[in-house]
1. Report ³J(HN,Hα) in whole Hz for each residue of the range 157-163, in order, from the Karplus equation J = 6.51 cos²θ - 1.76 cosθ + 1.60 where θ = phi - 60°; Gly and Pro get x.
2. Quick check on packing: order 182-195, 153-166 by the mean number of other C-beta atoms within 10 Å, highest mean leading.
3. Which Cα, out of PRO441, ILE393, ALA117, lies furthest along the positive dipole direction of the chain (beta carbon charges, K/R +1, D/E -1)?
4. Any idea how far apart ILE243 and ASP227 come out in nm if each label point goes 7 Å out from Cα toward Cβ?
5. Under the rule of at least 5 residues apart or a separate chain, name every residue whose amide H is placed under 5 Å from the amide H of ILE214.
6. Distance between Cα centroids, the range 240-296 to the range 76-130: provide it in whole Å.
7. In the range 102-241, what percentage of the DSSP-assigned beta bridges are antiparallel, given to the nearest 5?
8. Counting only residues 5 or more places away or on other chains, whose amide H sits under 5 Å from the amide H of ALA185 once H atoms are built in the peptide plane?
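Values quoted throughout were computed directly from the atomic coordinates according to the rules given, and no laboratory measurement underlies them. Treat the numbers as computed from the prediction; the structure is a model and nothing was measured. Here Cβ is always computed from backbone atoms with ideal geometry, including for glycine, and neighbour counts include all displayed protein chains.
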Amino acid sequence: MKFFKKISIVFSICTLSALALGNYCPSHATTAAEKFGTPDAAFDAEEMGDMTGYDPSNPVIPTGDTIKIAVVASFSGPAAANGEFYFNIVQWVAHDINQRGGIFVDGKKKLIQVFQADHMGKADQARKIVERMVLQEDVDFLWGTDGSHMMKIINNMADKHGVIALNATCLSDDLQDATNFSPYAFHAAYSTEQVGRAFGYFYGQRQKESKFYILNQDYSFGHNLADGFKKGLKEYYPEAEIIGEDYHKLFLTDFAPYLEKIRASGAEVVFTGDWLPDAGNLLKQARRMRLDVPFANIYMDEPNFLHEVGPGGTSGLMNLSAFSTENPQFQKPGYEKFYKTWNNLYHTTWNTAPYNTRTFENYMGNWGNWTMVTYWLMSVVERAKTTDAEKIIEIWENDVYQYVNGKIVKMRGCDHKIIHDLVIHEFVPKEEQKVSFNIEPYYWYEGTSSYGPSWVVPAGKILPWMDPELERCKGKSPWGE
């Protein structure tokens, strides 16, 4: 039985009834499902292996003649939590497929072996560890990472050695530009411009708030994300105003000066790309100062700090998701099965930090996208029937895939960037989360606000930036055609 099967798509249409499900109805724009139709392959939850007893703190990792994936990330140092997050994701996929018997490649069935490759957040170490993974461990795939500057090194090393690099997490658009593009690298995360333009489109359709304040971390990511948002407002909401713009150093402990400026500005929304710990400290300090302005964000969704703030202080947050679909979220039986498998393991088996914290309780958000793009890669391997990089490239370029929740994605062939719809969720208290969480207990979290009403930002409005100087893309439309 194939692990990833073809299925037909039932298109959803935004009607008046959608309001009852907490969906906003924008003017029509082309969604990924409408554009691409039936996918080339899809994740089938009914074919999942026996996940009973799966514990990321005590993984069962095969050795020998295996399909080898190196998770290249921080496993030590101040960002070590990222390595733990990523390892759980990739090892989950490996455990599932191994329980099914592996994947038939190069004439035989092979299990998946996952390596922890610690780059420590240091460029020199990243080069050394990737060299070791490729030359000594003979890995087939590099999976990364925390930090676009680290992903750039991984991609360069993948190009040098002719192995596939999967960028599951990094946003920088220049990773796949004319200067840095590698045919061996695949960008399966949303990008800075997409995020900014998605929020610009959302607020332009919403026509409720018009005064925005930008507060981001002071390095390339923060500035690029702000540029994307300003571009999105200019494109989709020219009546809006940016009434303040500030950038702060990383790992800031005192946000009060910025928050006072926001209060004085009269801003109706703060747009931020801050990630932890900054995202948590920013929100906690804002609420302690009784500044209730909503934050438009991508990383202000970590459950542990959200519970510290509580339902009142987290209500009204607007969070962008690369995994979600339109409401209700559990429209596909397969997603319900997958969710319950994950959630049950959290409650019964994951007893060791950090996997026993609320961070891992619900299968949603980043966990959803990171696991699905890893399954997507394994689907390509299954269909190629080999780990040969050239064959992988041939199949993955322009491939259309369906996630467990029904979301449709495509890998644009000329620059290897993902095309997909995005979803913006409004955070609401427990009793209002049913529009999103439509299975028992009908809420994501009790001690914090979480996903409620949602807005689908169609792929056609936020197609990823394509470098006009990249020769492979010249003469192609943003859809890659």
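1. 5, 4, 5, 4, 9, x, 10
2. 182-195, 153-166
3. Of the listed residues, the answer is PRO441.
4. Result: 2.7 nm between the two label points.
5. GLY244, GLU245, ASP246, PHE271
6. Cα centroid to Cα centroid, the span is 36 Å.
7. Percentage antiparallel, nearest 5: 25.
8. The list, which skips near neighbours in sequence, is ALA165.
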